[in-house]
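Please read the structure below before turning to the comments.
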């Protein structure tokens with residue numbers, strides 16, 4: 001059997017929007033990467049003490065070296081990875097249960113509740129930061145990656161419920177019924193059958209959590225007063241009277257890499273996550 | 001093609017963890033914001049009940065309505081460019097082969113840049129653009145010319161967020177069975193017919209989500225615009241988000257909370273309108289099923 005693309009003629013012209021878009025996307029990154037490999041700051045006391053003589057515009061790897069020599073920056077990478085992983089660990093199980101309920105059952109007020117969850121995603125973050133700060137400081141959570149992970153559930157849980165709901169709906173309902181007839185408890189059904197089948201959906205939902213959480217600024221700023229600063233805040237802290245733009249760009253380039261790797265690993269699930277339903 | 005769902009009110013138990021979590025991180029803070037907006041807060045422990053005074057003040061100021069108009073206009077431009085563009089790119093993307101990974105990875109990059117770095121990168125890009133346009137005699141003064149600033153911020157937002165629309169559309173396009181295309185080919189359908197009668201209906205539910213996400217985020221945009229040109233030239237790019245951000249930065253919390261509540265109500269109302277408008281077209285799309293199919 002021929003695949004669907006064989007039925008669509010693809011001349012290079014039909015690919016044009018995607019090609020032009022990628023070129024457009026690429027140009028600012030070219031500038032970013034270009035700067036990150038060049039010396040952008042005049043030699044100052046620090047560099048002369050360390051004995052390196054460089055000139056502005058020189059091709060260099062020093063910016064990347066400086067990132068790893070700067071303990072605040074390396075610590076911020078660990079902090080970012082920690083709170084994003086924590087956030088995924090909190091979000092996915094909670095969203096999975098809710099998504100399962102929305103997908104398989106109709107219950108009183110389900111449609112309103114579904115929209116209600118999305119509504120919470122619409123709260124302006126700038127206003128929410130103060131009450132969240134007061135609430136979290138009352139519970140002594142400030143300055144920990146856990147606080148940011150918890151706060152980011154505000155926008156990640158609604159999105160994950162929505163993504164997972166669509167993936168669960170793609171799995172035939174007969175599967176659940178057979179499992180329950182076989183005497184599976186709902187807990188065992190989730191662990192043994194649903195979660196393995198749902199791996200693509202969980203991967204995609206995790207990517208969405210990662211994406212919205214990794215780059216967030218407002219909560220990340222207020223919840224880390226003295227320590228536990230994520231990458232976004234560590235970059236902000238680099239701006240001063242004399243900013244080493246090379247260092248800032250090198251840090252930015254490095255901050256993009258984990259997410260790019262992640263999308264590379266979930267790419268097939270974005271494309272093929274729904275195949276199960278087509279079979280049935 | 002809505003599958004028959006069993007009615008079971010015990011399903012509420014499965015939703016309870018999500019309710020508790022969101023109750024803690026969203027509902028309680030939201031109620032606190034409402035409380036702040038009804039008081040004049042000097043310091044957290046000392047506040048005076050002022051009722052709706054701040055609401056009247058904000059809603060009767062011409063500055064609010066001007067910002068509101070500009071923000072609505074901005075969101076409209078964003079939706080009218082990013083949604084069709086996202087659809088066009090998703091349709092023209094390869095659906096299999098090595099190029100899929102290349103496309104997806106490249107397109108994800110702007111979404112992964114820390115938000116505070118977006119305006120910095122774009123300041124550099126726009127300066128280069130300004131210089132190169134000047135050499136061919138075109139004046140592009142993106143800092144002082146209001147129209148050019150608007151071009152700049154729209155370009156920046158298209159660069160930053162179109163990929164999200166592309167991903168959502170792309171994921172629903174890949175679910176169309178090959179048989180659909182096969183039948184269309186046998187019927188001699190044109191490329192446009194395939195798009196209009198097969199691909200577009202399939203994407204409808206996802207598009208609602210894309211529209212909602214892009215609407216709420218563009219309506220509240222703050223960081224990028226503020227650090228690019230601080231709402232200037234004059235007040236030509238002063239959006240609701242910037243008005244709010246300035247009050248928060250000035251620790252003027254009660255008026256800020258008032259604005260927050262007003263903005264929240266506006267966003268919910270507009271989102272509700274989108275939802276109802278799109279739900280009128282019934283769709284069997286999996287992604288948007290819940291919010292597009294209303295009465296089962």
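Rule-based calculations on the coordinates, nothing more; no lab input. Keep in mind it's a predicted model, so treat the numbers as computed, not measured. In this analysis, Cβ positions are derived from the backbone assuming ideal geometry, glycine residues included, and neighbour counts consider all displayed protein chains.
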Sort out for me the Cα centre separation of the range B:1-73 from the range A:157-236, rounded to whole Å. 25 Å
So what is the calculated 222 nm ellipticity per residue for chain B, using -39500 (n - 2.57) for each DSSP H run with n of 4 or more, over all residues, to the nearest 500 deg cm²/dmol? -21500 deg cm²/dmol
In what sequence do B:204, B:191, B:214 fall when counting other Cβ within 10 Å, fewest first? B:191, B:204, B:214
Which shape class applies to the range B:1-109: rounded if a/c is under 1.5, otherwise prolate when a/b exceeds b/c and oblate if not, where a ≥ b ≥ c are the square roots of the Cα gyration tensor eigenvalues? oblate
Pair-distance profile P(r), taking every C-alpha pair of the protein assembly as shown, with 20 angstrom steps and integer %: 19, 53, 26, 2
With a/c under 1.5 counting as rounded, go ahead and sort chain A into rounded, prolate or oblate using the C-alpha gyration tensor (a ≥ b ≥ c being the square roots of the eigenvalues; past the cut-off, prolate if a/b is larger than b/c, else oblate). oblate
Chain A - mean residue ellipticity at 222 nm from DSSP helices (-39,500 (n - 2.57) per run, n ≥ 4, rounded to 500): -21500 deg cm²/dmol
Degrees, to the nearest 10: A:110-120 long Cα axis against longest axis of chain A: 10 degrees
C-alpha long axis of helix A:153-169 to longest principal axis of chain A, angle in °: 40 degrees
Residue by residue through A:211-220, how many Cβ atoms from other chains fall within 10 Å of the Cβ on average? 4
Test item: B:216-223 mean partner chain Cβ contacts at 10 Å: 3
To the nearest whole number, what is the average tally of beta carbon atoms from other chains within 10 Å of the beta carbons of peptide A:101-113? 6
Order of B:170, B:227 - criterion: other Cβ atoms within 10 Å of each residue's Cβ, fewest first: B:227, B:170
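Cut-off is 10 Å between beta-carbons; in what order do A:157, B:34, B:125 appear when sorted fewest neighbours first? Before the final figure, lay out each step's value.
Details: A:157 27, B:34 15, B:125 19.
Starting with the residue having the fewest Cβ neighbours, the order is B:34, B:125, A:157.
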With the contact rule set at Cα under 8 Å and sequence spacing of 6 or more, what percent relative contact order holds for chain B? 27 percent
How would chain B be classified by its alpha-carbon gyration tensor: rounded, prolate or oblate, with rounded meaning a/c under 1.5 and the a/b versus b/c comparison settling the rest? oblate
Mean-square fluctuation maximum in Gaussian network of chain B, Cα pairs under 10 Å, restricted to B:13, B:64, B:195, hits B:13
Could you order the peptides B:257-265, B:70-78 from most to least packed, using the average number of other C-beta atoms within 10 Å per residue? B:257-265, B:70-78
Using only the alpha-carbon atoms, how far is helix A:71-104 inclined from the longest principal axis of chain A? Give it as 0 to 90 degrees, nearest 10. 10 degrees
By average Cβ neighbour count within 10 Å, what is the ranking of A:122-133, A:230-241 from highest down? A:122-133, A:230-241
